[in-house]
Amino acid sequence: MIRLDQVTKQHGSQILFLEASMGVFKGEKIGLVGPNGSGKSTIFRMITGQEETDGGQVAVDRGVTIGYFSQDVGEMAGRSVLEETMAGAGEVADAAHKLHAIEDAMADPERADELEAMIDAYGHAQSRFEELDGYVLEARAQEILAGLGFAPEVVSQDVAKLSGGWKMRVALAKILLLSPDALLLDEPTNHLDIESILWLENFLRQFEGAIVMTSHDREFINRLVTKIVEIDSGELTTFTGNYDFYEQQRAQRELQQQAQYQRQQSMLAKEEAFIARFKARASHAAQVQSRVKKLEKIERVEPPRTRKVIEFDFRAPPRLGEDVAKVTAVSKRYGKRDIYKDFDLLIRRGERWCVMGINGAGKSTLLKLIAGASQPDTGSVTLGPSVSMGYFSQHAMELLDANMTAIEVLQMRFSYANLGTLRTLAGAFGFSGDDTEKKCSVLSGGEKARLVLAAMLFDPPNFLVLDEPTNHLDMASKETLLKALARFEGAMLFVSHDRQFLRELSTRVLELTAEGPRTYGGGYREYVEQSGQEAPGVR
């Protein structure tokens, strides 16, 4: 369906691809992996014709339709969420917009004198909408929007009122509704909660066309893909299997290449030693010349390219008392809606609580109450006498000084630490070389999150309250964070949509339901076993 043949592509002085090739066949589900900046999004743009190659060619079979979801969703305004989702469907979308506009006009009492004409227009519009199977498409759009977490009352609202994250969901819904022959998905799980991720996973599993995707969600990509294409130093290498199997294959290939490289180096050293020893002796001239020619013809084995992972030895937090945080008879209401009513919770030393619940259940509200960022209407929240707290939220990233560089933020926070130590810390969280000199004003969401987490964990408090700490993080940054938190000796309360994160860190689960909170004695693994679901309301 799609082929990249001997493609070369350069951005400025950076060579992204050098005579690289890959193929996408009908029904394949491919994961595209590589470091940030390696060219994953460039491949999508070359396939869709948004970028040209510098050499080689990109070929798409005649008649193949492509749906491309990227992180750049553009402007959205002037339509309802439902109409925007259907906007890519051609005439049927125009018919739907006309139908809904007449419905709104008919409901306007000031236009009552036009009612007869509007009823006639509505009949014609409805007839055309039915001819185009509009009601079938609209029902499917409603289903996709519901799967991506849109409440029924939001679907009819102006899309312009949505936040950037929710507009991303609309853009994704739009692509899924088109049902093209091939889907190109660039980080489709960004901005999705766990319930929506699970729905999307099931949707894509049943999708009959080809899929090429990037994702920082290891569990998501593992469950879907059957092939991995790795971008590394300008080359495209294809591995059969999911992400876990790719990592095993890659590690095995590196070991084999290292062994081959060492064997050749040993042989070359012996040959070069012979040449150096006997090059001045006339009696050995022929042998020396023969070996020199032999070395000139040998194809040199390159040492394996290993990705540098910087480890950082994080300090142990101060010792905690037995009771870390106590929530007693707390009630909290927003408008007419009770979020909590007479709610009790006790967090003890060494416990790692993850909080589960559908959108609006009160997950972030609980974290704010315990962190002191919000106050209960009634009841109390108390911390143990020896507790020092670190609170991570999306708001924490907004507090970074826009005019300071990444390394200056760390230096200001930890003036007692030497520069080398802070650079190692920054490196462990993905800031290498000149990245440490970037001003906070130009950092991406992921870079800001990594910087805040690095500052929090360098000299850690003994109680961490984390609201979606893996948002925007790539796989390497998640692994670093996971390793740091796995060794963390304090208590933890967190919300996350990352199932690997939930599974490997949690020891207790609090599920917020319409009937009230439920607690589970084990971690996320036990929660799944006991509840029969991976997230509230998803079976």
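Of note:
- Selection within region 327-337: residues that are surrounded by 13 or more Cβ atoms within 10 Å (Cβ to Cβ) and within 33 Å of the chain's Cα centre (by Cα). The member of this set that is modelled with the highest pLDDT is VAL327.
- Search result, residues across region 470-491 that are more than 11 Å from the chain's Cα centre (by Cα) and modelled with pLDDT of 85 or more: GLU479, LEU481, LEU482, LYS483, ALA484, LEU485, ALA486, ARG487, PHE488, GLU489, GLY490, ALA491
- Qualifying residue in region 137-157 (condition: of a type outside the set (A, V, I, L, M), within 16 Å of the chain's Cα centre (by Cα), surrounded by 22 or more Cβ atoms within 10 Å (Cβ to Cβ) and modelled with pLDDT of 90 or more): no
- Only a single criterion out of (1) modelled with pLDDT under 85; (2) surrounded by 23 or more Cβ atoms within 10 Å (Cβ to Cβ) is not satisfied by SER432, namely (2).
- Within region 56-70, the set of residues being part of a strand (DSSP E or B), farther than 23 Å from LEU200 by Cα and in contact with an Asp or Glu (Cβ under 9 Å, 6 or more places away or on another chain) comprises GLY56, GLN57, VAL58, ALA59.
- Verdict on SER477 being hydroxyl-bearing (Ser, Thr, Tyr) and over 15 Å from VAL355 (Cβ atoms): yes
- Filter pass, GLU91 being surrounded by fewer than 17 Cβ atoms within 10 Å (Cβ to Cβ), more than 22 Å from the chain's Cα centre (by Cα) and outside the structural domain of ASN190 (by TED's automatic domain parsing): yes
- Filter result for THR53 (part of a helix (DSSP H, G or I), in contact with a helix residue (DSSP H, G or I) (Cβ under 9 Å, 6 or more places away or on another chain) and touching a residue at least 40 places away in the same chain (Cβ under 8 Å)): no
- Yes/no for GLU91 being over 25 Å from GLY149 (Cα atoms) and at pLDDT below 80: yes
- Take the conditions (1) part of a helix (DSSP H, G or I); (2) farther than 30 Å from GLN533 by Cα; (3) in contact (Cβ under 8 Å) with a residue 24 or more places away in the chain; GLY379 misses just one of them, which is (1).
- Within region 195-215, the residues that satisfy the criterion of being surrounded by 21 or more Cβ atoms within 10 Å (Cβ to Cβ), in contact (Cβ under 8 Å) with a residue 60 or more places away in the chain and not in a strand (DSSP E or B) are GLU195, ILE197, LEU198, SER215.
- Some residue of region 33-46 being within 22 Å of the chain's Cα centre (by Cα) and part of a strand (DSSP E or B): yes
- Of the helices (runs of 4 or more DSSP H) lying entirely inside region 410-520, the ones with 1 or more residues being without any contact (Cβ under 8 Å) to a residue 24 or more places away in the chain are found at 419-428, 475-486, 499-505.
The values are calculated or read from the model by the stated rules, or taken from the named source; none is laboratory data. All figures in this text were calculated on a predicted structure; none of them were measured in a lab. Cβ: placed from backbone, ideal geometry, glycine included. Neighbour counts: every protein chain shown.
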